[in-house]
1. Which order results if A:F374, A:F720 are arranged by neighbouring Cβ count within 10 Å, fewest first?
2. Calculated FRET efficiency, B:K134 and B:L256, Cβ-Cβ r, R0 41 Å, to nearest 0.05?
3. What are the lysines whose alpha-carbon lies under 16 Å from the alpha-carbon of A:K583, with same-chain residues fewer than 8 places away excluded?
4. What's the average, rounded to a whole number, of partner chain beta-carbon atoms within 10 Å of each residue's beta-carbon in A:588-597?
5. Extension gain A:E648-A:R487, at 0.36 nm per residue separation less the Cα-Cα distance, in nm?
6. What pairs from A:K2/A:K82; A:K61/A:K228; A:K69/A:K227; A:K113/A:K181 go past 18 Å between their alpha carbons?
7. Once you have a ≥ b ≥ c as the square roots of the Cα gyration tensor eigenvalues for chain A, tell me rounded if a/c is under 1.5, and otherwise prolate or oblate according to whether a/b is larger than b/c.
8. Based on the Cβ-Cβ distance of A:D609 and A:N102, what FRET efficiency does E = 1/(1 + (r/R0)^6) give at R0 = 35 Å, to the nearest 0.05?
Amino acid sequence: MKLNIDGLLVYFPYDYIYPEQYSYMLELKRTLDAKGHGVLEMPSGTGKTISLLSLIVAYQKAYPLEVTKLVYCSRTVPEIEKVVEELRKLMDYYTKQTEAKNDFLALALSSRKNLCIHPEVSALRFGKEVDGKCHSLTASYIRAQHHSNPSQPVCQFYEEFDAVGRQVPIPPGIYNLDDLKDFGRRKGWCPYFLARYAILHANIVVYSYHYLLDPKIADLVSKELAKKSVVVFDEAHNIDNVCIDSMSVNITRRTLDRCQTNVETLQNTISRIKETDAAKLREEYSRLVEGLKEANVARETDMYLSNPVLPDEILQEAVPGSIRTAEHFVGFMKRFLEYLKARLRIHHVVQESAPQFLKDIYEKVCIDRKPLRFCAERLRSLLRTLEIADIADFSAITLISHFATLVSTYSKGFTIIIEPFEDRTPTIANPVLHFSCMDPSIAIKPVFGRFQSVIITSGTLSPLDIYPRILDFRPVTVASFTMTLARTCLCPLIVGRGNDQVAMTSKFETREDFAVIRNYGNLLLEMSAIVPDGIVAFFTSYIYMENIVASWYEQGILENIQRNKLIFIETQDAAETSMALEKYQEACENGRGAILLSVARGKVSEGIDFVHHYGRAVIMFGVPYVYTQSRILKARLEYLRDQFQIRENDFLTFDAMRHAAQCVGRAIRGKTDYGLMIFADKRYARADKRGKLPRWIQEHLTDGSLNLTIDETVQLGKHFLRQMAQPFRQEDQLGLSLLTLEQLQSEDMLQKIAQIAQQA
Amino acid sequence: MDEEPERAKRWEGGYERTWEVLKEDESGSLKASVEDILFQAKRKRYMSEGHGQVRLGMMRHLFVIIDSSRSMEDQDLRPNRLTSTLKLMEFFVEEYFDQNPISQIGIITTKNKRAEKLTDLAGNPKKHLAALKKAVDSTCVGEPSLYNSLNVAITGLVLTIYTLHMPAHTSKEILVIFSSLTTCDPANIYELIKTLNALKIRVSVIGLSAEVRVCTILTRETGGSYNVILDESHFKELLMLHVKPPPASSSSECSLIRMGFPQHVIASMSDQDAKPSFSMSHLDSTGEPGLTLGGYYCPQCRAKYTELPVECKVCGLTLVSAPHLARSFHHLFPLEAFQETPLEEYEGERFCEACQGELKDKSVFTCLACKKVFCVECDLFIHDTLHCCPGCMQTDRTS
């Protein structure tokens, strides 16, 4: 259908539209018009992706000079593929309607592992291996060697691409990963480098967060994206953690040991080269004198060891003399390494800031701040000069050099914590140095700065005002959309008490309480008798889950539950978990019914959808607070309080509630789906917790569903499930939560739509 | 659950939120809303009718599978699910034979992972009713097994149809009354669904608690219906939907069925030739021997029966009486739904054609053929029981 969104002609590839999609597009259009950033929350299953794509593509077509490119960031490869498929549908619709030839180029980009077509390299199993192998076939000096010595193996796909691929543009169309591979095979070009080259002039790029957020990758892949791009972060509720992870470094004793070997290898190689080819080292020296800017002549294949955000002024400077020669640099690294080793040899926890660390290192081993800053760049240059092919081996020293550069570049927003042992095993020495980023805005700042519109969107972003604060940007639109429903297909219930009136809570003081554990068990038992097919239960942590399950076993509750449903448990082992998941789905399919016990923040809670019968009820046992005793967290909370005026408690609750919302949101994946959402903790009933749930859940949380007992929950649940089992057809939705074009254009519908979006 | 304390008292059972359906009107009164609910309820059943002119499978072979697992002890139906179900089943069996006189029914129960045949496929309601009455006292234990009970039903259906040389198109149906949310199966049930599909057996399910995925698939694949009850009256309504014969699959070809129409021979004690004799149907029943005079004699083999309809034990001929056949006639030519008009818009005499009472309800109903007007009650009576319009009958006769 063709829509008129605020004066913009939008092609929408479906016959029906949800009212909230229309509203979403209106808000999006406003954001683009204002050339600003936006935060938009809309529940999953209401067609966020297609709304985003339709509007932005229409915008691109209408104002080709205003918006030149859409960069769509998603989390996982399956999600990326899904976006490309939606896009394909949209483009097919365009061609059908306008009968013009499609001149749009859209493509997905992923790692080498997913795109490589080289017969040997692509057979490798791990991403790291593929990258390393690829590098050893395509690095510039390898290719130079190949010139003089044809027996040196190179990747023929890359050679082919390098020879002709850049001159001939890739024909317009929609390419997912498989399409790229097919295209590459047909032409004999390397799909990975083709895609990386093609994103520069593509209209739409779909890739993972890391290509924009991780400074080590972003610098190379996304450097040349035009300013007039629209960047979309989908499923962005965890974006702050992604930012933080990409900037943090953890160093263990093992890392240091491996680094030691790296340094020795380097040293040997240098002395060997010195005997055979001293000129090469001299050449490098002079290059370094001239400054990094020239050294930084882009050689895309050497991207493997790139630099974490170096401020521009550093690139103008020359590398300081103290590390300019290869031997000096290796000596410098050795000293640095010894210093780190000494620091790890402690018996108590140390926490310090970056300036403190720099001062200490200057005093102890006379390492200045400036050479440290150039560490990563200098190592990169050295590895290139030494022509070391298999770079995967040097990950340890690379990590250390990144750490050196980061610690000397940023004086604020980071903290260094050295722990001699893990908290849970105080007797086993396992020293770790955490160089932890506390400020997610550092990693994302370049993104907000560079692009004209950045859209952050997800099903659970509530409370909306906190994201702009912790990511430090100023959005022009902040809106939350509710789900319009023809029938109330979600039923959030807060269970606060057992039948014996003992309060149910995972609060630290009472979590070991026998009565609480028994009540949790009874709740699960009762629910297993009334909920059909699948139930997913989330615990706050693995340890807590183990304790409870053990206790249930002793009390015989597990045995009773197993009469109704089979029980599966998520463990920290990924293979075991995916096996459990598979069997769980089989049991749901066969009518036996199953319960999956899993952990909030675990793999299941983030990435796995439980559509329809795979999740008819979600039970959240307790409030999933993050482990508050962790020093890293404490440091971060302190930082948030000092820098952003966010109180510790506010942040902790926000974090817990977004994870709880994620967990319970797993069950509702669309308007025809239905499910019970049970929050089993009396603390959820408090206004500060309840108020932080997404609006589309809060809306259905009436006063009658707060602080229930198990019995009341069973009654309400039974009633709800029976209601939902009544026949429900598409016609029932029409006009209410599903609109045709005519219905959409009617006056009062437009008025209703205006109410869907709630500005925060 | 053996250890679970008995919860026999009604007030311990739980809350019924009966008030939730009620809504106040502008003046805060509930009256309008209550009347509306009653009115809707009356109309509902007959609105669901109306597949018009389609072929119906008149000769039905139906197996009813009754879940008797632990979950049947749940008290959300009074006094518990089992008793309530069996009571409704008795009613259903009577209605079924009333409306489908040349059809057969059989009952299977499932508990403790096993399936047990309560009664075989047979055309006589008495035996089924007796079995149902007896089943009330049985205990509900363990899990049900959908696979096993379907398997028993399939064997039963296939066997009967083969031995009786029934044409392939006679409708084969299974109705499952499923209370549990779990099933304990010895093998993959999806294989069984394929078999059911190949045999063209329709499986319908009435769920007593919630929508179970495997039942959705089962009914969708075999062309049956799947409903979940809301309360007892809804349960009854859903059960009654299965009284009407289902549309026959259009692919099946027509064929003739041999049937016998035995005459009722009445003999009095004074008649010298009359000799008391046993009915053939008493062969396998241990009930009262009952020597009787007269009865129905099979036109093919002269075997005697006291009741119709029945299959001849000797030659396998289906014995029916003409009124029986005539009774299933109305399914083929259902009376068309009357047109509903609001009372305000209706102009004319305010009298119901049938009961002569005053038209007071919200709407009036007009027969499309004779344009006579009826009230709600009569409209229901005509469609549910009479199956012909009194107005039309009158005009037919006068013309």
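Read the figures in this text as sums done on the coordinates, not as results from a lab. Keep in mind it's a predicted model, so treat the numbers as computed, not measured. Cβ placement follows ideal geometry from the backbone for every residue including glycine, while neighbour counts extend to all protein chains displayed.
1. The fewest-first ordering by Cβ neighbours comes to A:F720, A:F374.
2. Plugging the Cβ-Cβ distance into 1/(1 + (r/R0)^6) gives 0.60.
3. Qualifying lysines at Cα under 16 Å: A:K565.
4. Values: counts 3, 6, 11, 17, 8, 7, 1, 0, 0, 0.
Across the residues of A:588-597, the mean count of other-chain Cβ atoms within 10 Å is 5.
5. Values: separation 161, 0.36 × 161 = 57.96 nm, distance 3.88 nm.
Length gained, A:E648 through A:R487: 54.1 nm.
6. A:K2/A:K82
7. On the way: a/c = 1.96, a/b = 1.34, b/c = 1.46.
Judged from the Cα gyration tensor, chain A comes out oblate (a/c at least 1.5, b/c at or above a/b).
8. Details: r = 31 Å, r/R0 = 0.90.
Efficiency computed from Cβ-Cβ geometry: 0.65.
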